[in-house]
Amino acid sequence: MRSVLEMIKYRLHIFFKRHLYVMPMVVLALFDGFCFSLKPVHPITGMIMLCFVLFLIMVWTGWMIMEKEDPVEEQLLQLRVVRKRSYYMGKCLFLLAVGLIFAVFALAVPMLLSVQPIGGVFSRPVTVGDLAQAFLLLLGCSCCGIALGGLLSFQVMRDRKFALLLTLLLAVVTVLASTLKKYAVVGWFMWLLPPVSDIAEVYVSCEYFQPGQTTILFAAMVFYGILYLLVHSALCYKRGF
């Protein structure tokens with residue numbers, strides 16, 4: 001367990017040292033500023049939009065992290081931890097940690113704006129329950145997004161252009177899944193993607209978040225995120241990485 005924690009710390013150090021977080025966070029901050037400047041904003045509508053944008057940004061972040069990996073450095077890390085299971089576990093937990101960081105950052109602006117009076121930004125008072133459930137949805141979107149973005153790494157698919165196009169296609173289809181479900185041809189394919197679009201489907205006409213629905217959506221998105229990470233680890237192991 002100690003080797004896993006050391007690997008997570010090391011990967012986070014490299015992540016910040018290479019400034020891989022800068023552009024995604026700038027884009028996220030710009031969207032936060034734009035979205036919540038359109039007064040008055042309904043809390044549910046604003047959070048739904050933020051979930052979709054965060055998911056796409058995390059797909060981008062996961063892709064960047066995998067693209068910047070040095071094969072030689074990764075082999076040295078495997079030798080350092082000795083056990084490959086610890087290596088893969090550390091890598092997966094590192095990606096989830098990055099997802100947590102971005103979810104906290106995404107919620108920071110709405111949280112700060114929520115302390116302003118009702119006439120300032122939001123169309124109704126924002127409760128602690130709103131912020132807590134919004135964080136769960138953002139965290140779920142962040143985790144499954146970064147896992148999907150890193151799924152087709154160079155260890156899994158050598159054709160990088162095709163891998164990029166396929167990753168973009170999966171990300172867009174995930175966001176538009178609610179609309180595409182009505183087509184029987186692609187209906188079965190939707191089960192392979194996280195239920196990000198279900199957030200809008202569930203809350204489009206709601207005034208407040210519903211704890212039961214939020215918990216189900218959060219659990220489902222985290223499940224898909226972990227599943228993608230396990231599939232990626234298994235494919236990398238099979239290919240000798």
query = Do we find a residue being at pLDDT below 95, part of a helix (DSSP H, G or I), touching a Pro at 6+ places or on another chain (Cβ under 7 Å) and within 26 Å of VAL128 (Cα to Cα) anywhere in segment 22-33?
reply = no
query = Failed condition for GLY99, given (1) crowded, with 18+ Cβ neighbours inside 10 Å; (2) farther than 25 Å from ARG2 by Cβ, with all others met?
reply = (2)
Enumeration of residues in segment 189-241 that are surrounded by 15 or more Cβ atoms within 10 Å (Cβ to Cβ), not in a helix (DSSP H, G or I) and not polar (S, T, N, Q) = LEU193, PRO194, PRO195, VAL196, PHE209, PHE241
key: PHE55 being within 21 Å of THR215 (Cα to Cα), modelled with pLDDT of 95 or more and touching a Gly at 6+ places or on another chain (Cβ under 9 Å)   = yes
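Counting only residues that are touching a Phe, Trp or Tyr at 6+ places or on another chain (Cβ under 9 Å) and either surrounded by fewer than 23 Cβ atoms within 10 Å (Cβ to Cβ) or under 14 Å from LEU112 (Cβ atoms) (or both), how many does segment 134-143 have? Give the derivation first.
So the first thing to find is which residues in segment 134-143 are touching a Phe, Trp or Tyr at 6+ places or on another chain (Cβ under 9 Å), and the list is 134, 136-143.
Cutting the leftovers down to either surrounded by fewer than 23 Cβ atoms within 10 Å (Cβ to Cβ) or under 14 Å from LEU112 (Cβ atoms) (or both) gives us 134, 136.
Total satisfying the criteria: 2.
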task = Please go through segment 34-72 and pick out each residue that is assigned to a loop (DSSP other than H, G, I, E, B), more than 15 Å from PHE15 (Cβ to Cβ) and free of Cβ contacts under 8 Å to residues at least 24 places away in the same chain.
result = SER37, LEU38
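Any residue at all in segment 164-177 that's assigned to a loop (DSSP other than H, G, I, E, B) and under 30 Å from HIS42 (Cβ atoms)?
Within segment 164-177, the first condition is being assigned to a loop (DSSP other than H, G, I, E, B), and the residues that meet it are 176.
The next check asks that each one be under 30 Å from HIS42 (Cβ atoms); those that pass are 176.
So far as segment 164-177 goes, yes, one or more of its residues are assigned to a loop (DSSP other than H, G, I, E, B) and under 30 Å from HIS42 (Cβ atoms).
The values are calculated or read from the model by the stated rules, or taken from the named source; none is laboratory data. No experiment lies behind these values; they were computed from the predicted model shown. Neighbour counts run over all protein chains shown; Cβ positions are idealised from the backbone, glycine included.
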